[in-house]
Amino acid sequence: MKLASLKHGRDGKLVVVSKDLTKYADAGAIAPTLQDALDDWAAATPRLDKLYQDLNAGKAEASGFDAAQCSSPLPRAYQWLDGSSYVNHVELVRKSRGADMPPSFWTDPLMYQGGSDSFLGPRDDILMQSEDWGIDFEGEVAVITDDVPMGTPAAAAAKHIQLLMLVNDVSLRGLTKDELAKGFGFLQSKPSSAFSPVAVTPDELGGAWKDNKVRLPLVSTLNGAKFGSPNAGVDMVFDFAQLVAHGAKSRPLAAGTIVGSGTVSNVDRSAGSSCIVERQLLEKINDGAVKTPFMKFGDTIRIEMFDRDGKSIFGTIDQTVKQYKYGGQPL
């Protein structure tokens, strides 16, 4: 099934969305918000699925679906953990900061805990104070879990993956190096992330959901030009079950925890990249100079994924970078 949150209050209004993303049905009688549904997922799932089937069959009261009216499926979450499963990407980015990559990165997932109190909706503007901060997009896939007990091994973690989404993990490359040099992790260089209009259950992916990976291209379009479409199931060193288990090693994960894949990246670069900094690094390696600038005010980014019939699965993240004005004036 496919679920979305219409903009309403702080935590949105839960709706069930048709398979073709054209209409929705109010799910408030089952759960007012997606977080409420996740808190009692075993009880909510059969009722939500029944509504989904009725909606697709034309048997439920429906309204036209408009992604512009959506917040993130979880407008705020108890936890946002972002991994780096595509280790070839990590290696390139660390080189850009002059940092070596420990061999353990190939055997032990890299993961950080990001801010989760103010996610962006799929059509919300990316508001930034300065272009000098090195504004970049990062196309990712993410899962949402139910309650995960502490110490859950990877072999048991897959059953806790309930929903999948796409992510634009906005990054400020100009702030990253100095911030990480302090030895205390990301904060200012990782502003609010945006998520796809719709979160889907793994069965919606059919055979493309295999071995806890999404085996489809993730398509990024920058200013109307295709930027990249690497396959999310290729070169993913750590699958989502391994990432969930990593996050739960020393503590339980509450229902509604979001776990990201990290920037989708393939060793075969012919399909392009899912972020600007990776392209810049490849330009420097191949051509000796960076040609692609970071995002400027007015730039747009689209991130989406299509099934094997060319139909959108999650809807589209479609955002514009604009200057943030505190108190009405640029800083």
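Some notes on this structure:
- Here Trp106 passes the criteria (1) open to solvent by less than 10 Å² (accessible area, probe 1.4 Å); (2) aromatic (Phe, Trp, Tyr); (3) under 15 Å from Asp239 (Cβ atoms) except the one numbered (1).
- Inter-residue pairs, beta-carbon under 6 Å, first crowded, with 18+ Cβ neighbours inside 10 Å and in region 58-71, second at pLDDT below 95, 6+ apart: none
- Every condition in (1) part of a helix (DSSP H, G or I); (2) open to solvent by 30 Å² or more (accessible area, probe 1.4 Å) holds for Ala241 except the one numbered (2).
- When Thr152, Thr176 are screened for being over 21 Å from Gln242 (Cβ atoms), of a type in the set (S, T, N, Q) and open to solvent by less than 30 Å² (accessible area, probe 1.4 Å), only Thr176 passes.
- Exactly one residue out of Gly298, Gly288 is open to solvent by 30 Å² or more (accessible area, probe 1.4 Å), without any contact (Cβ under 8 Å) to a residue 12 or more places away in the chain and over 17 Å from the mean Cα position of the chain (by Cα): that is Gly288.
- Exactly one residue out of Lys177, Lys190 is under 22 Å from Pro293 (Cβ atoms) and at pLDDT below 95: that is Lys177.
- Pairing residues of region 191-211 that are closer than 19 Å to Gly256 by Cβ with residues that are among the polar types (S, T, N, Q) and open to solvent by 10 Å² or more (accessible area, probe 1.4 Å), at Cβ distances under 7 Å and at least 6 apart in sequence or on separate chains, gives Ser192/Ser118; Thr201/Gln162.
- When residues in region 109-129 are screened for being of a type in the set (Gly, Ala, Ser) and either within 16 Å of Glu179 (Cβ to Cβ) or open to solvent by 60 Å² or more (accessible area, probe 1.4 Å) (or both), 2 of them pass.
- Wholly within region 25-112, helices (runs of 4 or more DSSP H) carrying at least 1 residues that are of a type outside the set (Ser, Thr, Tyr) and farther than 29 Å from Ala245 by Cα: 41-56
- Test result for Gly233, in contact with a Cys (Cβ under 9 Å, 6 or more places away or on another chain), farther than 21 Å from Arg76 by Cα, surrounded by 18 or more Cβ atoms within 10 Å (Cβ to Cβ) and not hydroxyl-bearing (Ser, Thr, Tyr): no
- Residue check for Asp132: surrounded by fewer than 20 Cβ atoms within 10 Å (Cβ to Cβ), more than 25 Å from Leu282 (Cβ to Cβ) and in contact (Cβ under 8 Å) with a residue 24 or more places away in the chain: no
- Filter result (in a loop (DSSP other than H, G, I, E, B), open to solvent by 50 Å² or more (accessible area, probe 1.4 Å) and among the hydrophobic types (A, V, I, L, M, F, W, C)) within region 181-229: Phe184, Phe186, Leu187
The values are calculated or read from the model by the stated rules, or taken from the named source; none is laboratory data. Bear in mind that the values here come from a model prediction, so they are computed numbers and not experimental data. We place every Cβ from the backbone using ideal geometry, glycine too, and count neighbours over all the protein chains shown. The protein model used for the area step is the full one, side chains on, heavy atoms only, and it has no ligands, DNA or RNA in it. Shrake-Rupley method; radii C 1.70, N 1.55, O 1.52, S 1.80 Å.
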